[in-house]
Amino acid sequence: MTVHADPPCLSPRRRQMVALTALGLDPEEIAAELGITGGGVRSHLRDARISVGTETDRAITYHVLAGKGVDLSRLPEPPTGLLDELTCGVLRGLRYDVADKKLATTISRAHDMPVDVVEKALDNARSATGLSDCGLLGLTFAAGILSGREGVTSPLGSVPVPAASGIKASSTYQPIPPGQTFLQQSRPRPAPRPRPPVADPLKLLPEALPAQKTGTRPPLCGLQGSTAVAGNDVQPVRVSVEVCRDVLQRLHDSRVPPQEWGPVLASSEGRYTVFMLRPGSLPDQWRYAGSRVLRPGTVLHLPPHTTPSGPLYWAVPPAAWWNPDTLMPLITGESPRRTRHPKELPLR
């Protein structure tokens, strides 16, 4: 079976690798099939998640399966009786873009099932088919359980039902009556109370500084749209959250005014931060420890420049480019370079 529409921001190579995960292949198996290294496969999958804006391999696999040209004929046929109503309900939840350790709890809340029932159904599906969670997603598309129109955001549900001795799953899980189309089983819930957004949720800025006020100056030319292409519009340097905090703190300690800081794009999930430099400021192959320049052609999704919170937000607004002579020594752990004024003379 082939399914159709696709995230346009993925390159053909990354789309190919994500499609292979939908067949249940792990990075080493994909590497052997394509003749590259396992590290290269993991790097492509990580960059694909960044390009689309998802946090998990399951979510990026769902996006590609909801796209076009994914051949699922290599998937094994599911064992007879595996895809009952309960298991189908659990497998539909594999699309949720949540961490693996929260997956069973999220499905439990969305479908009003006990957590232990969800975990048992997932383990049974994995062992019966020999597929990973991404492979099981491919199986749900091949069986018509998912269509690609559902999205990856988990609906709000009730508090997870804890496992308890003497309580059967049927007391909390109501199967769909025969003859009805399989739809999401969670009852309508009242809308949650809106909460005011928290500025700089990762607390990247030094404590002595208030949250950066965005929108006071127009954004840089290459960062005005909803996306930017590495190498053309910007040269992004990806660093860990810890390195980013340390760099901004050292800038503050060195009395570099925040108005001279360049843009910092952050993921509220705490996965990464990105310093934005003018294109051509560094070699494309620059790396140091866990920090690196993103590959040219990588598409970055940009929030509005007035957004200080959300899945992606500006910890420092895009009003001025970073000076590489100031930034890069801080990333590598050196002291920031300071050009001495010609009239400055050393004290005797």
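Taking a ≥ b ≥ c as the square roots of the eigenvalues of the Cα gyration tensor of region 223-332, is the shape rounded (a/c under 1.5), prolate (a/b larger than b/c) or oblate?
rounded
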Where does region 30-128 land on the Kirkwood hydrodynamic radius, alpha-carbon pairs, in angstrom? 15.3 Å
Given labels modelled 7 Å from the Cα in the Cβ direction, how far is it in nm from Glu33 to Glu242? 3.5 nm
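Suppose R0 equals 30 Å. What FRET efficiency, 1/(1 + (r/R0)^6) with r the Cβ-Cβ distance, do Asn232 and Asp325 give to the nearest 0.05?
Efficiency, from the Cβ-Cβ distance: 0.85.
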Simple spin-label model, 7 Å along Cα-to-Cβ: Ala289 to Tyr272 in nm? 1.8 nm
Please find the FRET efficiency linking Arg74 to His301, where r is the Cβ-Cβ separation and R0 is fixed at 35 Å, and quote it to the nearest 0.05. 0.65
Using amide H atoms built in the peptide plane, which far-off residues or other-chain residues are under 5 Å from Arg292 H to H? Arg238
If I ignore ligands, DNA and RNA and count only protein heavy atoms, how much of Arg292 is accessible to a 1.4 Å probe, in Å² to the nearest 10? 20 Å²
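Determine the gain in length on full extension of the stretch Arg13-Lys102; use 0.36 nm per residue of separation and subtract their C-alpha separation, reporting nm with one decimal. Could the numbers behind the result be given before it?
Numbers: separation 89, 0.36 × 89 = 32.04 nm, distance 3.00 nm.
That pair, Arg13 and Lys102, stretches by 29.0 nm at full extension.
The values are calculated or read from the model by the stated rules, or taken from the named source; none is laboratory data. This structure is a prediction, so every number in the text was calculated from the model and none was measured. Ideal geometry is used to build each Cβ from the backbone, glycine not excepted, and the neighbour counts take in all protein chains shown. Just the protein is used for accessible areas: all its heavy atoms, side chains included, with ligands, DNA and RNA removed. Shrake-Rupley method; radii C 1.70, N 1.55, O 1.52, S 1.80 Å.
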